[in-house]
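The values are calculated or read from the model by the stated rules, or taken from the named source; none is laboratory data. Owing to the predicted nature of the structure, the values given are computational and were not obtained by experimental measurement. Cβ atoms come from the backbone with ideal geometry, glycine included; neighbour counts cover every protein chain shown.
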Amino acid sequence: METPVLTVPNWSLGRERSVLHQGLDLLESADVTVHFAEADLDHNRTVTAFSGDASEVLVTLFELARVWLPAINLHRHVGVHPRIGGLDVCPWIPLAPVSPHFGEWIIESAQAFAEEFEIPVFLYEHSASAGSKASLPELRKGGFGALVGQEITPDFGPNQAHPYLGATVWGWRDFLVALNVNFPSENLEAAERIAAEIRSRRRAGEPGFEGVRSLGLSLADQGLVQVSLNLTQPFASKINPVVAFILESAGARGLEGGYTELIGVIPESLARESSLVYPRAAQIVKMEGYEPAI
């Protein structure tokens, strides 16, 4: 499969230093471009983003899973981020016009992952079958606890959650921007109210908030509260106005000193126009002829 791809696997571990370093060393030695690989104690989560030839990216993903998944037990997992799996979500984004077999390749890779690790896999976004729960929030509803002991209907793998690793969400999706706005405060209620207002505006179809998902979270270990964002339509709902809305709303609620934190990657065109986000060079992804799938 010739299409160059980006994958952004999210892993439900963030505090196991020795095993984290093993995985990070593996990533650095792989024949892929590593854009992002950071763990967070409060989220208890590690986000990785790497790209390259599709076959090399897939090989690297499986090698990383063999290192990190044995260290995860969701029954003992504590963290503020929603999750249903050890490899919680694994999106795939083409970085050039897709080959005719790209969609099939994604599905075949999901099946291979489910078979090797004996983990149920749900396909989402463009990989989901008609009538399925195609969005990540729907699939994550209730978290890992809602899956335990229940019969489930994944696209691949067992019909019960893995006892320690839950289930994985996997699929081809359009580019999104994951962004946090952090405040040095303990006022979680203010962050939650701002996030709720964003969700309300999105549901109402207000221009500039299309596809903006938001949560208010407490990062107690860091002395912060956070408005966590996924801009799922970042070419329509621009980053600067959304961040400006959060900062203005925060000021009205007594939250000051807010700053942005880009998680993962950002397309080059969006980085140029977004003055309120400060990506490192490695986080900026160049894309050739990319268009969101319809």
* Structure fact -> Of the candidates ALA112, ALA178, the one satisfying the condition of being crowded, with 21+ Cβ neighbours inside 10 Å, outside any loop (DSSP other than H, G, I, E, B) and among the aliphatic types (A, V, I, L, M) is ALA178
* When you go through GLY166, GLY145, GLY149 one by one, which is the residue that is buried (at least 23 other Cβ atoms within 10 Å of the Cβ) and either out of contact with any helix residue (DSSP H, G or I) (no Cβ under 9 Å at 6 or more places or on another chain) or at positive phi (or both)? -> GLY166
* helices (runs of 4 or more DSSP H) fully within region 181-294 counting 1 or more residues that are more than 30 Å from PRO97 (Cβ to Cβ) -> 188-203, 239-252
* Residue satisfying all of: in region 258-283; surrounded by fewer than 18 Cβ atoms within 10 Å (Cβ to Cβ) and under 16 Å from the mean Cα position of the chain (by Cα); farthest from GLN226 (Cα to Cα) among these -> GLN283
* To do: Please go through region 142-158 and pick out each residue that is part of a loop (DSSP other than H, G, I, E, B) and at pLDDT below 80.
  => GLY142
* State all residues of region 58-84 that are farther than 22 Å from ASP31 by Cβ and among the hydrophobic types (A, V, I, L, M, F, W, C); if no residue qualifies, say none. => ALA71, ILE72, LEU74, VAL78, VAL80, ILE84
* Asked: For region 1-65, which strands (runs of 3 or more DSSP E) that fit wholly inside it have 1 or more residues that are basic (Lys, Arg), modelled with pLDDT under 95 and buried (at least 22 other Cβ atoms within 10 Å of the Cβ)?
  -> 45-53
* Asked: Conditions: (1) free of Cβ contacts under 8 Å to residues at least 40 places away in the same chain; (2) within 26 Å of GLY166 (Cβ to Cβ). SER29 meets all but one. Number of the miss?
  -> (2)
* Asked: Could we say that GLU206 is over 25 Å from ARG45 (Cα atoms) and surrounded by 14 or more Cβ atoms within 10 Å (Cβ to Cβ) here?
  -> no
